[in-house]
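**Student:** Could you have a look at this structure, given as structure tokens, before my questions?
The values are calculated or read from the model by the stated rules, or taken from the named source; none is laboratory data. In this text the structure is predicted, and so the values were computed from the model without any measurement. Cβ coordinates were reconstructed from backbone atoms using ideal geometry, including for glycine residues, and neighbour counts include every protein chain displayed.
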Number of protein chains: 2
Amino acid sequence: MSTSPPRPAAATRGPVRVVGTGLLGASIGLGLRALGVDVVLHDPSRTTLLLARDVGAGRLPTPEDPPVELVVVAAPPDVTPDVVLAELEAHPHAVVTDVASVKTAVEGPLRAAGADLDRYVGSHPMAGSERSGPTAARADLFAGRPWVVVGSEASAGSAVLAVRTLATDLGATPVMLDAATHDDAVALVSHVPQIAASLVAARLVDGEPAALELAGQGLRDVTRIAASDPGLWTSILGANAEAVVPLLRSLRGDLDVLIEALDHASVATAAEEVATGALGTVAAAIAAGNTGVSRIPGKHGGTRRAYDVVTVLVPDEPGSLARLLAEVGAAGINLEELQLEHAPAQAVGLASISVLRGLRSRLEEELTTRGWRVAG
Amino acid sequence: MSTSPPRPAAATRGPVRVVGTGLLGASIGLGLRALGVDVVLHDPSRTTLLLARDVGAGRLPTPEDPPVELVVVAAPPDVTPDVVLAELEAHPHAVVTDVASVKTAVEGPLRAAGADLDRYVGSHPMAGSERSGPTAARADLFAGRPWVVVGSEASAGSAVLAVRTLATDLGATPVMLDAATHDDAVALVSHVPQIAASLVAARLVDGEPAALELAGQGLRDVTRIAASDPGLWTSILGANAEAVVPLLRSLRGDLDVLIEALDHASVATAAEEVATGALGTVAAAIAAGNTGVSRIPGKHGGTRRAYDVVTVLVPDEPGSLARLLAEVGAAGINLEELQLEHAPAQAVGLASISVLRGLRSRLEEELTTRGWRVAG
């Protein structure tokens, strides 16, 4: 049984030059190679370059190479402008793009340097991994992900099209944004959450083991991305500081208010007198979070609140979750989201199945009939 | 096919009186009723009380009732001490416990009031739901979760045993802690993460729709618990302010340092001169998060780093995830963790399957052979 739709031929024409063959660059190479595109690799580190070639991301350049049509710069954000500039000069007929996760900090220096901006279009595939380097690369890293394409007013339409086509060829969904809008957006949905996760996780460094044993799915979810690479994130945050800092200041403002309110509440516990408004302040902070999280789009463009959730006990043995989901499918009910949770030293896990609103009782009935234990 | 192990008879003897029949109280009632224990319900709200009776959580008291053996107070943290005190007086031979998520703020007032502490043992089941009230109650809400049991030096051994037994009867794992240790622990692993999630989510209130469309699994994970109930959390945070505030101050200290460092980096972008140490400060903050998150115990007592992750493309149709997991199970490989992700407007999702270290290449081979597309 194959679940892969047949792969279309690439609309991207070769040769494509990939500069920087870490996780992203090598994944782009692998994806294009799978479509039959000629990919020429370059990396300042010869080890990284040869590793990328060996995993099949492309080939080394030769003196007889035809002129490249497209250059993809996949370097850390802080060195990206210089590399893009050099590539624009070295390949005077090629479209050049980069995949750095900040865009103003790339576009600005290029503009200041008088670069040939009609052939440059920035981009940012919203994909990655906790792993890094060419050996972690995947042809399908970008499948199903948004890929932001940042055309400036100087970009030629054909250059924008070439970058959109690259994204589409690699299975991503192109999203057109200008550089400032992109940078504000990723500060909000990626950079500030990263910092919050890291700061919460940093509190755990001195936590008692007994305390950490009480960790539930809430803590695990909040801190998962705190495992990300410090070097990469320093480069990202440094390059997008102008968009990140105002959001952090606003977060700190809310935090200050909350600390003051809880300080009053703390005193009140002893003195049995609650400062007027202190608890209202706490409630307002949690309620604002309710409003914010409800704005995150769900799978079908709705919000997560549009789902009913059914939680089921699943024995911790090979195949038991599969059996559960097979029976959900057999009932003709599509699973929208799935979360797994388990407690240490327990031979049972909890699977929280999200289904479209209105399907909860039918799913519960179907599963209970089949002998599953539905939990809270 | 039944996946439920046969239920043992309850070791808890009845009648058990449950005071407060919201989500937790009604779930305790349902769980005990399923074991054949006589459960008598009470709630200050007659509507909540009758709803709990109607979902099968227990019965109303009668004048002929035998003396209760155990009283479970499941009230909001701020009213719990008064309710516990009243129950200790009304039932002079019963063991009384409560399930409030803070413990010093309950034990302190009881001690000050000269309560009969040898019959009181606090507790805190680490379970809950975004939903509330008796209609959200589940007999299995506590299955597989830690249940903190807080005996003071005044508690009788038999009283501690009664509460441990209650936890075990409901499928939970008892964890013995003193009140202060419990409160510090939940501040660290639950209350501070809740506040961080709410503050990050609150930033989204004014976010552009285009920005929210770029939201990935990172933002979703960090903000999931921001959907929790403001009223309940105000009571929890107010009652545990003394443990929460020092952690928040320490988080704010780190945040201040980070904002200052990024401010320098931001200026540097324009002036091309990076303040000494500014970027090192950013890297240190992310690295501290790495260390912290690695301390969270995983399923088998290890850390999440002990898993290999394989990401697979899954068509968005009923049964396809089940087929995938069936083939993982058929390969004899146990799934340790599972995360689902999907992009808006894409007919495909990404399933990240965590398996024990060393199993990655075998799983990838098995799945690729069966026609699945393995992504990055």
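**Student:** Could you list, in sequence order, all residues of the range A:199-213 that are touching a residue at least 12 places away in the same chain (Cβ under 8 Å) and of a type outside the set (A, V, I, L, M)?
**Tutor:** Scanning the range A:199-213 gives a single hit, A:Glu213.
**Student:** Before we move on, is B:Pro63 touching a residue at least 12 places away in the same chain (Cβ under 8 Å), in a loop (DSSP other than H, G, I, E, B) and surrounded by fewer than 17 Cβ atoms within 10 Å (Cβ to Cβ)?
**Tutor:** no
**Student:** Looking at (1) modelled with pLDDT under 95; (2) assigned to a loop (DSSP other than H, G, I, E, B), can you tell me which one A:Val37 breaks?
**Tutor:** (1)
**Student:** Moving to a separate point now. Tell me, which residue of the range A:209-241 that is more than 20 Å from the chain's Cα centre (by Cα) and within 7 Å of another protein chain (Cβ to nearest Cβ) is surrounded by the fewest Cβ atoms within 10 Å (Cβ to Cβ)?
**Tutor:** My answer is A:Ala210.
**Student:** For residues that are of a type in the set (S, T, N, Q) and touching a Phe, Trp or Tyr at 6+ places or on another chain (Cβ under 9 Å), tally how many sit in the range B:165-213.
**Tutor:** Restricting attention to the range B:165-213, the residues satisfying the condition of being of a type in the set (S, T, N, Q) are B:165, B:168, B:173, B:181, B:190, B:194, B:198.
In the following step, the residues that additionally are touching a Phe, Trp or Tyr at 6+ places or on another chain (Cβ under 9 Å) were identified as B:168, B:173, B:194, B:198.
The total comes to 4.
**Student:** What are the residues in the range A:169-185 that are part of a helix (DSSP H, G or I), more than 14 Å from the chain's Cα centre (by Cα) and within 7 Å of chain B (Cβ to nearest Cβ), if any?
**Tutor:** A:Thr181, A:Asp184
**Student:** Let me ask you something else. Would you point out which residue out of A:Thr173, A:Thr168, A:Thr223 is over 24 Å from A:Leu117 (Cβ atoms), of a type outside the set (Phe, Trp, Tyr) and assigned by TED's automatic domain parsing to the domain that holds A:Leu24?
**Tutor:** Working: A:Thr168 fails: over 24 Å from A:Leu117 (Cβ atoms); A:Thr223 fails: assigned by TED's automatic domain parsing to the domain that holds A:Leu24.
Going through A:Thr173, A:Thr168, A:Thr223 in turn, the sole match is A:Thr173.
Yes/no per residue for (1) within 7 Å of another protein chain (Cβ to nearest Cβ); (2) at pLDDT 95 or above; (3) in a loop (DSSP other than H, G, I, E, B):
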position	(1), (2), (3)
A:Ala139	no, no, yes
A:Val149	no, yes, no
A:Leu166	no, yes, no
A:Ala187	no, yes, no
A:Ala201	yes, yes, no
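**Student:** Enumerate the pairs (first residue in the range B:365-376 and assigned to a loop (DSSP other than H, G, I, E, B); second residue anywhere and among the basic types (Lys, Arg)) with beta-carbon separation below 6 Å, excluding pairs fewer than 6 apart on the same chain, so at least 6 apart or on different chains.
**Tutor:** B:Gly376/A:Arg138
**Student:** Let me ask something else. Out of the range A:339-364, which residues are at pLDDT below 75 and outside any loop (DSSP other than H, G, I, E, B)? Give the derivation first.
**Tutor:** Initial filter on the range A:339-364 (at pLDDT below 75): A:339-350.
Listed by number, the residues that qualify are A:Gln339, A:Leu340, A:Glu341, A:His342, A:Val348, A:Gly349, A:Leu350.
**Student:** So, one more: For the subset of the range A:100-118 comprising residues that are assigned to a helix (DSSP H, G or I) and over 24 Å from the mean Cα position of the chain (by Cα), which member is nearest to A:Ala180 (Cα to Cα)? Can you show your working first?
**Tutor:** Narrowing the range A:100-118 to residues assigned to a helix (DSSP H, G or I): A:104-112, A:117-118.
Right, trim to over 24 Å from the mean Cα position of the chain (by Cα) and you get A:108-112, A:117-118.
Working: A:Gly108: 11, A:Pro109: 14, A:Leu110: 15, A:Arg111: 14, A:Ala112: 16, A:Leu117: 17, A:Asp118: 18 Å.
Ranking the candidates gives A:Gly108 first.
**Student:** Still on this model: Select, from B:Arg224, B:Arg249, the only residue that is of a type in the set (Lys, Arg) and either over 18 Å from A:Ala226 (Cβ atoms) or not in a helix (DSSP H, G or I) (or both). Steps first, please.
**Tutor:** Numbers: B:Arg224 fails: either over 18 Å from A:Ala226 (Cβ atoms) or not in a helix (DSSP H, G or I) (or both).
Checking each option against the conditions leaves just B:Arg249.
**Student:** How many residues are charged (D, E, K, R), in contact with a strand residue (DSSP E or B) (Cβ under 9 Å, 6 or more places away or on another chain) and touching a residue at least 40 places away in the same chain (Cβ under 8 Å) if we restrict to the range B:66-100? Give the derivation first.
**Tutor:** Start the filter on the range B:66-100 by keeping residues that are charged (D, E, K, R), which leaves B:69, B:78, B:82, B:87, B:89, B:98.
Subset that is in contact with a strand residue (DSSP E or B) (Cβ under 9 Å, 6 or more places away or on another chain): B:69, B:87, B:98.
The next check asks that each one be touching a residue at least 40 places away in the same chain (Cβ under 8 Å); those that pass are B:69, B:87.
Selection size over the range B:66-100: 2.
**Student:** Here is a follow-up. Out of A:Gly14, A:Gly20, which single residue is buried (at least 24 other Cβ atoms within 10 Å of the Cβ) and either away from chain B (no Cβ under 14 Å) or among the β-branched types (Val, Ile, Thr) (or both)? Steps first, please.
**Tutor:** Details: A:Gly14 fails: buried (at least 24 other Cβ atoms within 10 Å of the Cβ).
Result of the check over A:Gly14, A:Gly20: A:Gly20.
**Student:** So, one more: With respect to B:Thr97, is the statement that it is in a strand (DSSP E or B) and either among the hydroxyl-bearing types (Ser, Thr, Tyr) or closer than 19 Å to B:Trp233 by Cα (or both) true?
**Tutor:** On the way: in a strand (DSSP E or B): yes; either among the hydroxyl-bearing types (Ser, Thr, Tyr) or closer than 19 Å to B:Trp233 by Cα (or both): yes.
The answer is yes for B:Thr97.
**Student:** B:Ala196 passes all but one of (1) without any contact (Cβ under 8 Å) to a residue 60 or more places away in the chain; (2) within 24 Å of the chain's Cα centre (by Cα); (3) more than 7 Å from chain A (Cβ to nearest Cβ); which number fails?
**Tutor:** Just one mismatch for B:Ala196, condition (3).
**Student:** Just to be sure before I move on: is A:Ala52 of a type outside the set (Phe, Trp, Tyr), at pLDDT below 95, part of a helix (DSSP H, G or I) and buried (at least 22 other Cβ atoms within 10 Å of the Cβ) in the structure I sent? Spell out the reasoning first.
**Tutor:** Values: of a type outside the set (Phe, Trp, Tyr): yes; at pLDDT below 95: yes; part of a helix (DSSP H, G or I): yes; buried (at least 22 other Cβ atoms within 10 Å of the Cβ): yes.
Yes; evaluated as a whole, the condition is true for this residue.
**Student:** Any chance you could count how many residues in the range A:89-114 are of a type outside the set (S, T, N, Q) and closer than 24 Å to A:Val175 by Cβ?
**Tutor:** Quick first cut of the range A:89-114, residues of a type outside the set (S, T, N, Q) only: A:89-96, A:98-100, A:102-103, A:105-114.
Applying the additional criterion that residues be closer than 24 Å to A:Val175 by Cβ yields A:94-96, A:98-100, A:102-103, A:105-111.
Count: 15.
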